[in-house]
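Below is one structure; the comments refer to it alone.
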Amino acid sequence: MTKQEEAYVHFVGCMENLNRAWMLTQLIRKNAAAEPLITAAYELALIEYAKSFKPSEGIHSRKYIWQEPSLSKEQLELHRKIIKLRDKVLAHSDISVKEAQLYVSESGGSPIMTVVSNMPEQLPLPEEVSALIEQLLREKYAELEALDHAMVAATAQQGTLTDAAAEPKY
């Protein structure tokens, strides 16, 4: 796989992540009553969203990553909040965010340990996240179309362009 092909595969994977996140937010908006499953699905949607903006290692490049998008002030704040939630709360459990305190006591010869911590930051509204994803997908699909044409041109130049109707060889 060439470096250009690897970059393309990364881009397509990021698009798949955003589409999964968008589909989950749509399901969540329709099925808010199934609380435990909805919460887990929504957290996954936020993690899927953030994946595209976190480093991904390849063979030709050690760091594929989408740059922070150009968005309105409100959408950029939401984007950054999602990334922070993914990094500090959803995909990791940073103690610094919890600002936890441990209280140690004893009663009747038995130790009593009590952990008190702050609640993590509230998750953003699914409607807001869905709108953000839709905005990004519109922009990225236009970018993907240009990448598609560039890949066809590069593959044709290398003489390795295959017939789309041909059976894949595995």
Give me the pairs, please: first residue somewhere in the range 156-170 and surrounded by 10 or more Cβ atoms within 10 Å (Cβ to Cβ), second residue anywhere and modelled with pLDDT of 80 or more and among the polar types (S, T, N, Q), beta-carbon distance under 7 Å, and either six or more positions apart or on two chains.
L161/T155
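Within the range 111-140, can you find the residues that are exposed (fewer than 12 other Cβ atoms within 10 Å of the Cβ) and out of contact with any Lys or Arg (no Cβ under 8 Å at 6 or more places or on another chain)?
Restricting attention to the range 111-140, the residues satisfying the condition of being exposed (fewer than 12 other Cβ atoms within 10 Å of the Cβ) are 111-116, 118-119, 122, 127, 138.
Hits for the range 111-140 are P111, I112, M113, T114, V115, V116, M119, Q122, R138.
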Selected residue (only one of S61, S93, S107 is over 19 Å from L132 (Cβ atoms), in contact (Cβ under 8 Å) with a residue 40 or more places away in the chain, out of contact with any Gly (no Cβ under 9 Å at 6 or more places or on another chain) and of a type in the set (S, T, Y)):
S61
Could you grab me the full set of residues in the range 43-58 that are in contact with a Lys or Arg (Cβ under 7 Å, 6 or more places away or on another chain), free of Cβ contacts under 8 Å to residues at least 60 places away in the same chain and of a type in the set (A, V, I, L, M, F, W, C)?
I47, A50
I'm checking my understanding of the structure. Among residues of the range 46-63 that are small (G, A, S) and outside any loop (DSSP other than H, G, I, E, B), which one is modelled with the highest pLDDT?
A50
Do we have E43 as assigned to a helix (DSSP H, G or I), within 19 Å of the chain's Cα centre (by Cα), over 28 Å from D148 (Cβ atoms) and of a type outside the set (V, I, T) here?
yes
State yes or no: is W66 within 17 Å of R138 (Cβ to Cβ), of a type in the set (A, V, I, L, M, F, W, C) and assigned to a loop (DSSP other than H, G, I, E, B)?
yes
Residue list for the range 110-132, filter: part of a strand (DSSP E or B) and either touching an Asp or Glu at 6+ places or on another chain (Cβ under 6 Å) or in contact (Cβ under 8 Å) with a residue 24 or more places away in the chain (or both)
none
Residue in the range 22-42 that is farther than 14 Å from S130 by Cβ, surrounded by fewer than 18 Cβ atoms within 10 Å (Cβ to Cβ) and touching a residue at least 12 places away in the same chain (Cβ under 8 Å) present
no
Do we have any residue at all in the range 114-122 that's in contact with a strand residue (DSSP E or B) (Cβ under 8 Å, 6 or more places away or on another chain), of a type in the set (A, V, I, L, M, F, W, C) and modelled with pLDDT under 90?
yes
Quick one: Y103 ticks every box in (1) of a type in the set (F, W, Y); (2) over 26 Å from E127 (Cβ atoms); (3) surrounded by 12 or more Cβ atoms within 10 Å (Cβ to Cβ) except a single one, so which number is it?
(3)
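The values are calculated or read from the model by the stated rules, or taken from the named source; none is laboratory data. In this text the structure is predicted, and so the values were computed from the model without any measurement. Note that we place each Cβ from the backbone using ideal geometry, even for glycine, and neighbour counts take in every protein chain shown.
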